[in-house]
Amino acid sequence: MDSIACGRSLDQCLGARYLKDGGFTREGLYWVEDNLANTSRIVAFFSFAALMGAMLVALSLSRAQAAQLVMFEQPGCPWCEAFDRDVGVIYAKTDEAKRAPLRRLDINEPLPPNLSFIQVERLTPLFVLVDKGHEIGRIRGYGGEEMFWTQLYMLMQKLKASGSGKDHAHIPRNPEKTQSVAG
């Protein structure tokens, strides 16, 4: 067997049997193919990991800017439990949740940096509708299912009126009132 510059035989350097006619044995070709396949798998893995990391960053940035209904709660709060029973189980399935997903925070924990603009009150539950780093409005306490949905509807109208996202304000006006003011 010939030796190469590293001082070892081709068998040792390539991990394959080099034949005198210039080719590799079948075992040697499999070794080369396996090592090339492993290298391409490693490259594919790191490429995939980089892509997932970029998507995670993009998702977190977009979520930070999207509308959210932030609920401040605390353990043992009977009104929070009533909200969970009446509304919490269905909220995620509603149109309101598509526009402003519910984000729960413990009132006793520090605020995340992206919500530092919220002035937290010491009552629970406290619902704060936020969009693009601004507070749209809030619901203090929980007075029952009907009252919550009514108050949330009013907040969602304010969100539309703020011109955020794809929904722009279209608030119908009373034609009689408009005419009397104009006339």
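Quick notes on this one:
Yes/no matrix, rows are residues, columns are (1) part of a loop (DSSP other than H, G, I, E, B); (2) at pLDDT below 95; (3) within 14 Å of ALA82 (Cα to Cα):
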{"position": "ILE136", "(1), (2), (3)": "no, no, no"}
{"position": "GLU146", "(1), (2), (3)": "no, no, yes"}
{"position": "GLN151", "(1), (2), (3)": "no, no, no"}
{"position": "MET156", "(1), (2), (3)": "no, no, no"}
{"position": "LYS160", "(1), (2), (3)": "no, yes, no"}
{"position": "GLY163", "(1), (2), (3)": "yes, yes, no"}
{"position": "LYS166", "(1), (2), (3)": "yes, yes, no"}
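- Within segment 62-88, being more than 23 Å from LYS158 (Cα to Cα) and open to solvent by 70 Å² or more (accessible area, probe 1.4 Å) holds for PRO75, PRO78, TRP79, GLU81, ARG85.
- Whenever a residue of segment 89-104 is open to solvent by less than 40 Å² (accessible area, probe 1.4 Å), its partners that are at pLDDT 95 or above and hydroxyl-bearing (Ser, Thr, Tyr), lying with C-beta atoms within less than 8 angstrom and at least six residues away or across chains, give the pairs ALA97/TYR91.
The values are calculated or read from the model by the stated rules, or taken from the named source; none is laboratory data. Not measured: the values here are computed from a predicted model. Here Cβ is always computed from backbone atoms with ideal geometry, including for glycine, and neighbour counts include all displayed protein chains. Quick note on the areas: whole protein, heavy atoms, side chains included, nothing else; ligands and nucleic acids left out. Shrake-Rupley method; radii C 1.70, N 1.55, O 1.52, S 1.80 Å.
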